[in-house]
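The values are calculated or read from the model by the stated rules, or taken from the named source; none is laboratory data. From a predicted model like this one, the values you see are computed outputs, not experimental measurements. Note that we place each Cβ from the backbone using ideal geometry, even for glycine, and neighbour counts take in every protein chain shown. Ligands, DNA and RNA are excluded from the accessible area calculation, which covers all protein heavy atoms including side chains. Shrake-Rupley method; radii C 1.70, N 1.55, O 1.52, S 1.80 Å.
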Amino acid sequence: MELRYLRYFVAVAQTHNFTRAAELLGISQPPLSQQIQRLEREVGTPLLHRLTRGVELTDAGEAFYQDACQILAQSDAALEKARGIARGINGKLSLGITSSNAFNPKIFTLLREFQTHYPAIELHQRETNMAGLMQELDEGLLDVAFVRLPCESSKRFNLKLIDEEPMMIALHKDHPLSGEDALALQALADVPPVLFPEEVAPGLYELMYNACLRAGIDLKSACQASQISSSLSMVGSGFGFALVPQSMTCIASPNVTFHAIRGDQVKTDVALAWRQFERSPSVKRFIQLFGH
């Protein structure tokens, strides 16, 4: 059964008149009448009572009309959805974010802006470590990812810088230097550093490790946290000090103070990563918005 038969029938059912229905459809009346007759033969029962001054629906026609309206609505919605996906204004977008980026306000401001521009695109977020993000992006499980640089494995992807963050010192509130606004890393030579496993984010780990090395800090005394975010809990419990991105200073902890690094500035970049030769229209729109 052709959809045009349904459209013709619905037009006649709504106007109760072949002439007015033909005018709405932009066709002449005889072909319209012929198409309705073909539809009735295909259904196997009359759908309309032909009256002197119009038509009325039969009981079967009334039931058929309700279903025809629903089918046409679903068909129109399917067409619009497909066209929207092709234009990048409908569909789904899977994005990954590292735990160290989960507190960056710039990222979420941009995400909100994207959702405002394209409300019909569903955003699905996944938070994991850098190694996991790179693997899932490579395997197509993620469309885009917010990564923290430096990251050697990210060089396989296209990158767009979003933000630059200085690293901050997180220190227990009872440390004698906790009242200082800025600290040189050398002043913490007697405090154990709290580091996350290298495999979680090799580039960021190397950045922090080398900063501590240059400051003469004894890395043999380092404590290990499971993630960079959990290092703050360890600092608050008295394990030592940690280096964290500035955006993570929003995490309130009564036992932790934050300090700028004096002298040897340690900075990390936040970037958007996506696969090379990406063809998804919604991903392209996402990239365009983040590039303005």
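For every residue, the table says whether it meets (1) in the same structural domain as Thr249 (by the TED database); (2) on the phi > 0 side of the Ramachandran plot; (3) open to solvent by less than 30 Å² (accessible area, probe 1.4 Å); (4) acidic (Asp, Glu).
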position	(1), (2), (3), (4)
Leu111	no, no, yes, no
Gly140	no, yes, no, no
Lys155	no, no, no, no
Met168	yes, no, yes, no
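Go through the stretch 30-51 and give me each residue that's part of a helix (DSSP H, G or I), open to solvent by 60 Å² or more (accessible area, probe 1.4 Å) and among the charged types (D, E, K, R).
Taking the stretch 30-51 first, the residues part of a helix (DSSP H, G or I) are 30-43.
Still in the running and open to solvent by 60 Å² or more (accessible area, probe 1.4 Å): 30, 34, 37-38, 41-42.
Scanning the stretch 30-51 gives Arg38, Arg41, Glu42.
Among the residues making up the stretch 196-231, those that are free of Cβ contacts under 8 Å to residues at least 40 places away in the same chain, under 29 Å from the mean Cα position of the chain (by Cα) and crowded, with 17+ Cβ neighbours inside 10 Å are Phe196, Tyr205, Ala225. Within the stretch 250-264, the residues that satisfy the criterion of being in contact (Cβ under 8 Å) with a residue 12 or more places away in the chain and surrounded by fewer than 17 Cβ atoms within 10 Å (Cβ to Cβ) are Cys250, Ile251, Ser253, Pro254, Asn255, Ala260, Arg262, Gly263, Asp264. What are the residues in the stretch 52-70 that are open to solvent by less than 90 Å² (accessible area, probe 1.4 Å) and more than 24 Å from Glu2 (Cβ to Cβ), if any? Hit for the stretch 52-70 is Gly54, nothing else.
Would you be able to say whether some residue in the stretch 232-251 is assigned to a loop (DSSP other than H, G, I, E, B), within 27 Å of His124 (Cα to Cα) and either at pLDDT below 90 or among the β-branched types (Val, Ile, Thr) (or both)?
So in the stretch 232-251, the residues assigned to a loop (DSSP other than H, G, I, E, B) come out as 237-240, 251.
Next, only the ones that are within 27 Å of His124 (Cα to Cα) stay: 251.
If we keep only those that are either at pLDDT below 90 or among the β-branched types (Val, Ile, Thr) (or both) as well, we get 251.
Yes, because at least one residue in the stretch 232-251 is assigned to a loop (DSSP other than H, G, I, E, B), within 27 Å of His124 (Cα to Cα) and either at pLDDT below 90 or among the β-branched types (Val, Ile, Thr) (or both).
Take the conditions (1) outside the structural domain of Ser100 (by the TED database); (2) within 28 Å of the chain's Cα centre (by Cα); Ser282 misses just one of them, which is (1).
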